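Read through the structure below, which is laid out as structure tokens, and then see the notes.
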Amino acid sequence: MLSKQCKLHLEEVGMTGLQHMTHAIKIALTLQLLVPIIIIHSIAPRWFKTTATQTMRRLLNEQPNINK
């Protein structure tokens, strides 16, 4: 059912389809939770000074086989 490109991507990241979906959803939820933090920071820069940056860096560093 998956295209060749989808299968190739799953092989590249070393995940099954379900693992990939779970991983992607966790990232999406984490990023959604950052939105209010970024909005608060835009209004009051003294709060959450590095929260979004640190979280995004952590997410990128946790990615398998990504060109950094």
- Over the Cα atoms of the chain, what Rg and Dmax result, in angstrom? 15.6, 50
- Note on the structure: Of all GluC sites (Glu not before Pro) in the chain, the ones in DSSP coil with at most 14 other Cβ atoms within 10 Å are Glu62
- Vicinal HN-Hα couplings computed from phi for region 36-51 (Karplus, 6.51 cos²θ - 1.76 cosθ + 1.60; Hz; Gly/Pro x): x, 5, 5, 5, 4, 4, 5, 8, 10, x, 6, 9, 6, 4, 10, 4
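Residues of the chain: accessible area per residue at 1.4 Å, in Å²?
Values: 5780 Å² over 68 residues.
Averaged over the residues of the chain, the accessible area is 85 Å².
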- Note on the structure: Taking protein heavy atoms only, a 1.4 Å probe, and rounding to whole percent, the accessible area of the chain owed to carbon and sulfur comes out at 64 percent
- Task: Let me know the charge dipole size of the chain about its Cα centre in debye, to the nearest 20, where only the beta-carbon of Lys, Arg (+1) and Asp, Glu (-1) is charged.
- Result: 220 debye
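Per DSSP helix of 4 or more residues, -39500 (n - 2.57); summed, then divided by the residues of the chain. What does that give at 222 nm, rounded to the nearest 500? All intermediate terms of the calculation are to be shown ahead of the outcome.
Values: 3 runs with 48 residues, N = 68.
Taking each H run of at least 4 residues, the total per residue is -23500 deg cm²/dmol.
The values are calculated or read from the model by the stated rules, or taken from the named source; none is laboratory data. Remember, predicted model here, so these are calculated numbers, not experimental data. Note: ideal-geometry Cβ built from the backbone for every residue, glycine included; neighbour counts use all protein chains shown. In case anyone asks, the SASA skips ligands and DNA or RNA and just uses the protein heavy atoms, side chains included. Shrake-Rupley method; radii C 1.70, N 1.55, O 1.52, S 1.80 Å.
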